[in-house]
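Just below is one structure, and these are the notes that go with it.
The values are calculated or read from the model by the stated rules, or taken from the named source; none is laboratory data. Since the model is a prediction, treat every value here as computed from it, not as a measurement. Cβ placement follows ideal geometry from the backbone for every residue including glycine, while neighbour counts extend to all protein chains displayed.
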Amino acid sequence: MKKLNVSRGFLVFVYAVCILLTILSIMPFLIMVVNATRSTTEIQQHAISFLPSTHLLSNFQILTGKSFNPARGFLNSMIISVGSTACAVYFSTMTAYALVVYSWRLRQPFFTFIMAIMMIPSQVVSIGFYQFIYQIHMTNNFLALILPSIAAPTMVFFMRQYMLSTLPLDIINSARIDGSKEWYSFNHIVLPIMKPAIATQAIFSFVNSWNNLFLPLILLTKQEKYTMPIMVSLLKGDIYKTEYGAIYMGLTLTVLPLFIVYFLLSKYIIAGVALGGVKG
Amino acid sequence: MKKKNKLSYAKYGYLFSIPFVVTFCIFTLYPVIYTVIIGFTDLKGIGMTKFHFLENPFQNFQQILSAPTFQTALGNTFLMWGMNFLPQILLALVLAAWFSGTLFKVKGQGFFKVVFYMPNIITAATVAILFGALFGYPMGPMNDLVTRFGICDAPYEFMRNKGWARGVVAFIQFWMWYGYTMIVLISGILGMSPEWFEAAEIDGASGWQKFLYITLPNLRTILIYTLVTSLIGGLQMFDIPKLLVNKSGPNNATLTTSVFIYNQAFEGSYMYNRASAASMIMFVIIAILSAVVFFLMRDKSEVAERKELKRVERERRKALRAEGRNS
């Protein structure tokens, strides 16, 4: 064993900080999950407890007895997130392919242009976006939230970087000699090679879309179209004012799918962040 | 022949870019132009789409800039962003130095990274309401804690206090993002040549000196990236201030510009024109700040160094060529 060249006290300090931060990360969710099983009276007596109680089902009934419909929210969020993720990864890879494989006159200007629009903040153009969608009668239509992700400049940028380092152009040339059409080559040769990058980008795109509140909130006004984050914002309303158990229950239900996805894919997610593959 | 071959494929470059360009024009470019135009008009009222240009085209902008609520919102946004960013970048730097250090290996690193990053993927709306409940009055978990340990005799209404309300918003942002920043910084440090650190070690540099003179200067680009993205994200802060406290807290203590824009356009009197003007002001502020940050953090010595390197290389080549001619 190599002798450590830092003092013991320092090491204790390092671990103490790490453990403290771990508690900080987990504690709010732990309280949330435990309180989801406790009745409102129990929570009013002591709001912190680590012993689950037996009111899981009654909390769920109170929650769904009012305007909160977790199944509907889950389904709506799923449709939007899957749709926009599919659009984003497929068309970003395609745009990156155009930038990497073909030499055309506007290639460099187009890439510069993509770099320039990467920083456009989405919320500051929301008024014009809303007015436009309203005029073409697409409010309360999921397509208004799905189709815009076809143009995802950040993702194009990272797909391009990945493609430059991993896609051998010889493969495409030999496919051409074998008579493969460009479109076919892209779908059957390039997409499989890009799988690792597509997987990473898909995770982040999905999570971003799933968590998005601003645009769905202004576009979706019908109750049956609400996404998960809009459902969550209902918990803030007066109808749940004193139903503490039900509020924690609702929060838990929205977090649960994300927890499952995160702990299954955490390895890839952390690696993806390290690659710089997420928008801050 | 070869050239002709290349030319015949060029059209696919255009073809494969069409979906991106068309979507961008419809869903981003057109809304941008539209937002700019609305800013100069009298468009307001729910469901209204018709508008007229104002006689004084800058009326909305003047009104927004002189509105006390907008000034408060702008101030709050910067304040809460700063309160979250400074501790965030410091903690992330310290953790990154520990986790990527050569002096000692933190056991369970993988676990810590996963746990620290976790809050980032949770829906911000959920996090906001969860913290609202944690700091609830009279019987939230926080109040349970302070009364049980006798810090306060009676439950305290945290969200009625300006400082607490802002502090909690800033804390949530910090809590959600330090793990992300840490991982980005770690990957930046791991990308540095280990030889630099070995050389410094031979010269007897301490861990602190290595961090100060090797790690930090070489992280410059990544730090700029983090700063700019955090700034752009922070100036658009919406979910958390919107949902943490009702009506943006006491005296609009947690009102941010994004919440202000939302309230102008989609609540009350639906003033799309003023919301557009406020959006454009934010757009300009973000653009200027990004430019300033890039300019300030631009490495002058590196630019000079690169020039110097090029010059040396050119001379070396010249010398080599001369040598080749001589032999």
key: Listing of helices (runs of 4 or more DSSP H) fully contained in segment A:1-108 that carry 1 or more residues being farther than 30 Å from B:GLY140 by Cα and assigned by TED's automatic domain parsing to the domain that holds A:GLN161   = A:70-101
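Please indicate, with yes or no, whether at least one residue in segment B:91-105 is closer than 30 Å to A:VAL125 by Cα and of a type in the set (Lys, Arg). If you could, list the steps in order and put the result at the bottom.
Of all residues in segment B:91-105, those closer than 30 Å to A:VAL125 by Cα come to none.
Checked segment B:91-105: no residue is closer than 30 Å to A:VAL125 by Cα and of a type in the set (Lys, Arg).
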Any hit, segment A:70-82, residues being at the interface with chain B (Cβ under 10 Å from one of its Cβ atoms) and not basic (Lys, Arg) = yes
task = Out of the residues in segment A:223-280 that are more than 21 Å from A:ILE203 (Cα to Cα) and among the basic types (Lys, Arg), state the one that is modelled with the lowest pLDDT.
result = A:LYS241
inquiry  = Here are the criteria: (1) in contact (Cβ under 8 Å) with a residue 24 or more places away in the chain; (2) under 14 Å from A:TYR248 (Cα atoms); (3) not hydroxyl-bearing (Ser, Thr, Tyr). Tell me which single one A:CYS87 does not satisfy.
reply    = (2)
ask   = Got at least one residue in segment A:152-163 being modelled with pLDDT under 90, surrounded by fewer than 17 Cβ atoms within 10 Å (Cβ to Cβ) and in the same structural domain as A:ILE203 (by TED's automatic domain parsing)?
value = yes
ask   = Of all the helices (runs of 4 or more DSSP H) wholly in segment B:1-87, which have at least 2 residues that are under 17 Å from A:VAL124 (Cα atoms) and β-branched (Val, Ile, Thr)?
value = B:30-38
query = For the subset of segment B:34-62 comprising residues that are surrounded by 12 or more Cβ atoms within 10 Å (Cβ to Cβ) and among the β-branched types (Val, Ile, Thr), which member is farthest from A:PHE132 (Cα to Cα)?
reply = B:THR41
ask   = Out of curiosity, is A:ILE247 more than 30 Å from B:LEU190 (Cα to Cα) and buried (at least 17 other Cβ atoms within 10 Å of the Cβ)?
value = yes
key: Residues of segment B:88-133 classified as in a helix (DSSP H, G or I), within 9 Å of another protein chain (Cβ to nearest Cβ), small (Gly, Ala, Ser) and within 28 Å of B:ALA200 (Cα to Cα), total   = 1
key: Candidates B:LEU29, B:LEU43, filtered to the one that is more than 13 Å from B:TYR272 (Cα to Cα) and out of contact with any Leu (no Cβ under 9 Å at 6 or more places or on another chain)   = B:LEU29
request  = Kindly provide the set of residues from segment A:48-84 that are touching a residue at least 40 places away in the same chain (Cβ under 8 Å) and aliphatic (A, V, I, L, M), ordered by number.
outcome  = A:LEU56, A:ILE62, A:LEU63, A:ILE79, A:ILE80, A:VAL82
key: A:ALA47 within 14 Å of B:TRP98 (Cβ to Cβ) and small (Gly, Ala, Ser)   = no
task = Considering each residue of segment B:126-175, count those that are surrounded by fewer than 21 Cβ atoms within 10 Å (Cβ to Cβ) and among the polar types (S, T, N, Q), and give that number.
result = 2
key: Top-ranked residue of segment A:9-28 - restricted to ones that are more than 8 Å from chain B (Cβ to nearest Cβ) and under 26 Å from the mean Cα position of the chain (by Cα), ranked as nearest to B:LEU134 (Cα to Cα)   = A:MET27
task = Look at B:GLN109 and say whether it is more than 26 Å from B:MET271 (Cα to Cα), surrounded by fewer than 16 Cβ atoms within 10 Å (Cβ to Cβ) and among the polar types (S, T, N, Q).
result = yes
task = Kindly list the number of the only condition in (1) surrounded by fewer than 20 Cβ atoms within 10 Å (Cβ to Cβ); (2) within 9 Å of another protein chain (Cβ to nearest Cβ); (3) in contact with a Leu (Cβ under 8 Å, 6 or more places away or on another chain) that fails for A:SER103.
result = (3)
query = Can you name every residue in segment A:29-67 that is closer than 28 Å to B:MET176 by Cβ and more than 14 Å from chain B (Cβ to nearest Cβ)?
reply = A:THR37, A:PRO52, A:LEU56, A:PHE60, A:SER67
query = In this structure, is A:SER149 under 30 Å from B:SER290 (Cα atoms), surrounded by 13 or more Cβ atoms within 10 Å (Cβ to Cβ) and touching a Cys at 6+ places or on another chain (Cβ under 9 Å)?
reply = yes
query = Somewhere in segment B:2-21, is a residue surrounded by fewer than 19 Cβ atoms within 10 Å (Cβ to Cβ) and touching a strand residue (DSSP E or B) at 6+ places or on another chain (Cβ under 9 Å)?
reply = no
message = Take the residues in segment B:253-263 that are out of contact with any Leu (no Cβ under 7 Å at 6 or more places or on another chain) and more than 9 Å from chain A (Cβ to nearest Cβ); name whichever of them is surrounded by the fewest Cβ atoms within 10 Å (Cβ to Cβ).
response = B:ASN263
